[in-house]
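First comes the structure, then the notes that go with it.
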Amino acid sequence: MLTKKKLKNFEKLLNERLDNLLSEANKTVSGMTSFKDNLPDPADRATLESDRNFTLRIRDRERKLILKIKEALERIDEGNYGICEECGDDISEPRLKARPVTTLCIECKKRQEDKEKVFCLFPLEMTKIKRLCYDASYGKKSREDLQRGGHHHPY
């Protein structure tokens, strides 16, 4: 369990990161709207467009991080920051230092990643299993249909 002093340090760190990200987002918006040059060369326009798309992708990732930071700050306010949402155990301080927005302890995160690896390694099989579970619940398709490779599915 984190002490009040450590919680304050994490709150300060999260607020600093949030301020930094919001500042960068404002710079991006003002930089994109203030660009007045009309580039006659198609290659220059394409380069500019590519650069803008790249910047927007980065800002989109930062937007998602901003949401996670705000959620972490809410958890601090609610008194459940540093507690794994999966198992309820404390999240280690080194893990919180490395990723202060985390909601899972290292063990639960490893289990989550292992499940994702299985799905990535065997996506077709996992899709069939999901369909089988769905169809077993709703009676849409039999196991034999799946084994024959039937392509009709309700979604």
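A few remarks follow.
- Environment charge at Arg59 (Cβ cut-off 11 Å; Lys +1, Arg +1, Asp -1, Glu -1): +3
- Once both labels are positioned 7 Å from their Cα atoms along Cα-to-Cβ, the gap between Asp44 and Asn26 label points is 3.1 nm.
- Within the same chain, aspartates and glutamates fewer than 8 places from Lys6 are excluded, and of the rest, those with a Cα less than 14 Å from its Cα are Asp77, Asp90, Glu93.
- Spin-label model, Thr55/Glu71: points 7 Å from Cα along the beta carbon direction are separated by 2.9 nm.
Bear in mind these aren't lab numbers, they're just calculated from the coordinates by the rules spelled out. Since we're looking at a predicted model, the values are computed, not measured. Cβ atoms come from the backbone with ideal geometry, glycine included; neighbour counts cover every protein chain shown.
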